[in-house]
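Notes for the one structure printed next.
The values are calculated or read from the model by the stated rules, or taken from the named source; none is laboratory data. On a predicted model such as this, the values are computed, not experimentally measured, just so you know. Here the Cβ is made from the backbone with ideal geometry for all residues, glycine too, and neighbour counts use every protein chain on show.
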Amino acid sequence: MIWFGKLPGIRIPEPAPREHPHRRMRQALECVACNAPGLTGPALVEALAGTGWVDATTAERLLPEFRHFDAEQHFAQNLRRLSFRGRSVEEEFRRAVARAMEDIAGPARSGSGDEHPELRFGDEEWQGTLLAFPEVRCSIGGRVRELIAAAAEEMPDSLVLLARNFDPDAHAQLKALLGREIPGTLLTVNHLLGIRAMVLRYQPDPERVRSLLALGRPLRSADIARLGDRDMSLK
């Protein structure tokens with residue numbers, strides 16, 4: 001990931017003036033990990049300094065002492081935490097999802113605010129749309145239904161719905177709402193993180209990833225595991 005010297009939209013708490021340097025360093029590491037867990041070297045030092053918790057000299061000096069800090073684990077834990085908290089953290093949740101999707105499917109275009117919450121990924125030949133909701137048990141009704149209907153009007157090649165988990169009737173309702181022309185795929189937060197881990201490790205062909213996101217049903221762990229097998233097709 002390219003680092004541009006700032007953490008856009010990330011809420012960073014003000015450091016206490018006399019906070020212990022190691023505590024400030026850990027807070028800076030956690031702030032960066034929530035948005036850019038893959039940063040290393042000079043880009044990481046710059047990002048740490050950009051949080052305001054430490055300066056570049058301190059960050060560079062203390063980094064060896066935090067070599068066991070697992071940025072990937074913190075990123076995953078933060079995304080799972082946000083998925084419990086509902087609409088109060090919706091924009092922060094969508095930013096974290098967009099970060100994960102960048103690793104999964106390449107650069108994506110993200111809407112902003114309640115009117116445009118979708119995340120669009122793909123290229124000129126294939127377009128996918130993802131709607132992410134920080135809900136423990138997402139159901140297809142009310143605002144969720146309205147947003148799905150609005151996203152479907154753009155006729156994406158796949159529409160992915162992401163939440164912590166889903167109501168048992170969600171797939172049937174999504175399928176009825178979208179009809180046969182648009183495959184609707186249900187994706188849990190844990191499965192999103194699983195796909196990201198598999199893509200980063202095995203680097204499967206992008207077409208296989210697109211096929212996974214366009215299965216048109218709830219994804220299962222077995223579907224995601226196949227990304228690590230170069231000889232099997234998704235079914």
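Which residues, counting only those in the range 123-142, are at positive phi and modelled with pLDDT under 90?
Answer for the range 123-142, where residues must be at positive phi and modelled with pLDDT under 90: there is none.
Where residues in the range 164-205 are basic (K, R) and not in a helix (DSSP H, G or I), which of them is surrounded by the most Cβ atoms within 10 Å (Cβ to Cβ)?
The extreme case among them is R164.
Of all the residues that make up the range 71-102, how many are surrounded by fewer than 19 Cβ atoms within 10 Å (Cβ to Cβ) and among the aromatic types (F, W, Y)?
Number of matching residues: 1.
What pairs come up if the first residue lies in the range 48-67 and is free of Cβ contacts under 8 Å to residues at least 24 places away in the same chain, the second is β-branched (V, I, T) and crowded, with 16+ Cβ neighbours inside 10 Å, and their beta carbons are under 7 Å apart, counting only those six or more places apart or on different chains?
L48/V32; L48/V54; A56/V45; E60/V45
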